[in-house]
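The values are calculated or read from the model by the stated rules, or taken from the named source; none is laboratory data. Note that the structure is a prediction, hence the values are computed from the model and not measured. Here Cβ is always computed from backbone atoms with ideal geometry, including for glycine, and neighbour counts include all displayed protein chains. These accessible areas exclude ligands, DNA and RNA; they are computed on the full protein's heavy atoms, side chains included. Shrake-Rupley method; radii C 1.70, N 1.55, O 1.52, S 1.80 Å.
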Amino acid sequence: MTLHRRALLSAYDKTGIEPFARGLADRGFEILSTGGTARALRDAGLRVVDVAEVTGHPELMDGRVKTLHPAIHAGLLARRSVPSDLAALRKHGYGAIDVVGVNLYPFRETVARGVASVAEAMEQVDIGGPAMIRAAAKNHASVWAVVDPADYARVLEGLDREGGGQALRRELAGKVFTHVSGYDAAVADFLRGEVGGVSREPSSSDLLDIGLSRISTLRYGENPDQEAAFYAPAGSRRTGIAALEQRHGKALSYNNLLDVDGVLYSLSPFALSPDPAVCIVKHTTPCGVAVGESVEAAYRRALATDPVSAFGSVIAVNRAVDAAAAGAIGELFVECIVAPDFTEGALATLTRKKNIRILTLPEGDDIGQELPVPKRSFRSFDAAPGRDVAAKRAARFLALYGRDPDGPVFRGIYGGILAQAPPLPPFVGVDDPSWRVVTEREPTPEEKADLAFAWASVFGVKSNAILLARGGATLGIGAGQMSRVDASRLAVQKVADAGLGLAGSVLASDAFFPFPDAVETAAEAGVGAIIQPGGSIRDPAVIEAANRAGIAMICTGRRLFRH
């Protein structure tokens with residue numbers, strides 16, 4: 001039995017491997033290695049023993065089989081405090097292995113590119129690596145298991161520490177099992193996705209594997225006495241909010257992240273809009289939405305809906321923010337602004353405020369690809385012809401919900417999480433054949449355009465939701481009320497408070513009207529047309545109330561609840 005200390009190093013990611021091996025050698029370790037790692041260490045002038053010399057067996061099948069041998073796994077799993085384990089090593093002439101430095105084939109990086117075939121992906125499924133690090137982690141009482149190059153220096157320090165670094169070995173062992181479970185989940189997700197996309201539907205499997213990596217530790221959660229952190233799917237290319245690049249300002253808080261989620265959700269129906277669009281969100285629900293001839297014009301129209309609530313808000317824009325828009329936004333205290341890009345003049349204006357958070361797409365985002373067609377849509381559409389690259393970038397940036405998502409949407413609750421498929425935004429400018437005019441009066445072309453705008457805008461409003469609009473801008477929003485009538489009254493009151501007037505306006509409701517009273521309230525306020533899902537047992541009475549008032553009504557057949 002070999003009595004001196006040995007380390008087995010086999011790393012696909014060779015960051016830091018040479019100084020780590022040199023540090024081990026300086027501490028009296030014999031270095032065992034395989035393939036490319038062995039060559040790299042020899043090129044650095046280190047003495048290396050091939051694993052084939054230890055096993056007495058050559059590598060097979062282009063390296064597919066090299067460390068799967070009792071000479072390796074007995075050396076990893078032998079309990080130093082169990083005499084029979086040490087006797088078994090002596091009987092077979094095997095030596096103990098004290099340090100394992102292994103990281104795995106780049107499976108997630110390979111499939112994240114989106115071009116790998118199943119056969120190519122399977123070649124990146126590591127077998128020997130996970131087996132070795134699992135064995136070392138299981139026996140962490142005696143063996144150091146290292147999967148992260150960032151831990152190499154800590155291991156060398158731990159080897160020098162009196163007492164043997166038991167606590168650090170336990171920590172590293174936990175890291176191994178987290179690493180392997182995330183790796184296996186990525187393989188399973190890829191294979192399920194290749195067989196009909198099963199893993200993309202949250203109700204299709206009894207097992208829901210979520211491998212998450214911490215993006216950042218947050219100052220606190222929803223309130224200062226709550227700890228919090230931001231996590232995203234591990235290993236693959238970041239998407240959604242995790243992919244955004246912060247260009248300026250304080251670190252994002254828990255509530256900032258919730259509001260960014262809300263503002264992108266609310267503006268996503270305007271991903272294909274030919275006009276600049278702005279959404280202003282407070283406490284995750286819109287307090288103003290508008291389109292305009294410019295970003296500045298759209299912002300000022302959105303702000304007019306509820307300038308009081310807009311103080312301390314989060315804003316999203318579907319175009320690059322220019323200096324004129326930045327000047328207008330800079331007049332208000334804003335927590336965060338999210339856009340595809342900012343001109344140099346806009347950044348010069350906004351960065352005078354040191355605390356405002358400015359978020360964009362990362363510079364390396366591939367903006368030339370065409371948008372995919374939604375898979376779960378009841379409609380079809382073609383991308384607007386002649387869109388420039390900036391418009392494509394804006395569309396990809398905003399369409400974070402419902403467009404070929406990477407997986408279900410999760411929301412934490414006490415004791416667990418809920419999962420659901422992301423909702424498909426009702427894209428503005430997309431004719432929907434499922435909409436039905438149910439009243440005697442047809443909406444005018446102007447009303448129809450406003451109804452489409454209102455239906456898209458109510459998508460992001462918390463239920464119960466009523467939204468009043470005219471000319472491509474919101475006038476009043478009633479959100480989060482227990483009664484739809486109360487939501488209607490609140491929306492009307494907001495219009496009065498803002499001094500905007502309701503003549504010629506339209507109304508959108510996120511769900512059906514259970515009684516005619518909300519329609520009657522809207523009629524008294526001057527609303528000319530209504531869009532709502534329909535489907536109530538009292539639809540005939542609701543429609544009759546609209547007919548009596550001369551209101552045109554469209555039923556969409558689709559509910560837009562957002563709780």
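Per-structure values
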{"read-out": "Breaking point among (1) without any contact (Cβ under 8 Å) to a residue 24 or more places away in the chain; (2) in a loop (DSSP other than H, G, I, E, B), for H140", "value": "(1)"}
{"read-out": "Members of segment 424-461 found to be under 27 Å from the mean Cα position of the chain (by Cα), assigned to a loop (DSSP other than H, G, I, E, B) and of a type in the set (A, V, I, L, M), listed by number", "value": "L424, V428, V430, V461"}
{"read-out": "Residues of segment 122-142 that turn out to be more than 18 Å from V51 (Cβ to Cβ), open to solvent by 10 Å² or more (accessible area, probe 1.4 Å) and out of contact with any Lys or Arg (no Cβ under 8 Å at 6 or more places or on another chain), as a count", "value": "5"}
{"read-out": "Residue in segment 464-475 that is open to solvent by 40 Å² or more (accessible area, probe 1.4 Å), part of a strand (DSSP E or B) and either at negative phi or in contact with a strand residue (DSSP E or B) (Cβ under 7 Å, 6 or more places away or on another chain) (or both) present", "value": "yes"}
{"read-out": "Of all residues in segment 481-521 being open to solvent by 60 Å² or more (accessible area, probe 1.4 Å), over 16 Å from V458 (Cβ atoms) and hydrophobic (A, V, I, L, M, F, W, C), the one that is farthest from the chain's Cα centre (by Cα)", "value": "A503"}
{"read-out": "Count of segment 5-52 residues which are out of contact with any Leu (no Cβ under 6 Å at 6 or more places or on another chain) and hydroxyl-bearing (S, T, Y)", "value": "4"}
{"read-out": "Segment 1-20, subset in contact with a strand residue (DSSP E or B) (Cβ under 9 Å, 6 or more places away or on another chain), surrounded by 16 or more Cβ atoms within 10 Å (Cβ to Cβ) and part of a loop (DSSP other than H, G, I, E, B), residue modelled with the highest pLDDT", "value": "R5"}
{"read-out": "Qualifying residue in segment 283-294 (condition: in contact (Cβ under 8 Å) with a residue 60 or more places away in the chain and of a type in the set (D, E))", "value": "no"}
{"read-out": "Restricting segment 273-318 to residues that are assigned to a loop (DSSP other than H, G, I, E, B) and under 21 Å from the mean Cα position of the chain (by Cα), the residue that is nearest to P426 (Cα to Cα)", "value": "N318"}
{"read-out": "Pairs, first under 15 Å from V99 (Cα atoms) in segment 33-54, second open to solvent by 60 Å² or more (accessible area, probe 1.4 Å), C-beta under 7 Å, six or more apart", "value": "V48/R42"}
{"read-out": "Candidates S81, S33, filtered to the one that is over 42 Å from the mean Cα position of the chain (by Cα) and of a type in the set (S, T, N, Q)", "value": "S81"}
{"read-out": "Selection count, segment 76-103, where residues are under 18 Å from A52 (Cα atoms), assigned to a helix (DSSP H, G or I) and open to solvent by 40 Å² or more (accessible area, probe 1.4 Å)", "value": "1"}
{"read-out": "Residues of segment 160-203 classified as of a type in the set (D, E, K, R), in a helix (DSSP H, G or I), open to solvent by 50 Å² or more (accessible area, probe 1.4 Å) and modelled with pLDDT of 65 or more, total", "value": "7"}
{"read-out": "Evaluation of P374 against (1) open to solvent by 20 Å² or more (accessible area, probe 1.4 Å); (2) modelled with pLDDT under 50; (3) at negative phi (one fails), failing number", "value": "(1)"}
{"read-out": "Restricting segment 21-64 to residues that are part of a strand (DSSP E or B) and over 25 Å from A150 (Cβ atoms), the residue that is least open to solvent (accessible area, probe 1.4 Å)", "value": "V49"}
{"read-out": "Options R403, R352, R357, R393: the member that is closer than 20 Å to S266 by Cα, modelled with pLDDT of 55 or more and basic (K, R)", "value": "R357"}
{"read-out": "Test for A473: is it at pLDDT 95 or above and farther than 24 Å from P516 by Cβ", "value": "yes"}
{"read-out": "Among the candidates K282, K250, residue that is modelled with pLDDT of 75 or more, surrounded by 15 or more Cβ atoms within 10 Å (Cβ to Cβ) and in contact with a strand residue (DSSP E or B) (Cβ under 7 Å, 6 or more places away or on another chain)", "value": "K282"}
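Conditions tested, residue by residue: (1) of a type outside the set (V, I, T); (2) out of contact with any Cys (no Cβ under 9 Å at 6 or more places or on another chain); (3) surrounded by 23 or more Cβ atoms within 10 Å (Cβ to Cβ).
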site	(1), (2), (3)
D261	yes, yes, no
P276	yes, yes, yes
P286	yes, no, yes
E293	yes, yes, no
A302	yes, no, yes
A320	yes, yes, no
A324	yes, yes, no
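Condition check ((1) modelled with pLDDT of 85 or more; (2) out of contact with any strand residue (DSSP E or B) (no Cβ under 6 Å at 6 or more places or on another chain)) across all residues:
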site	(1), (2)
G63	no, yes
G75	no, yes
V82	no, yes
V99	yes, no
N103	no, no
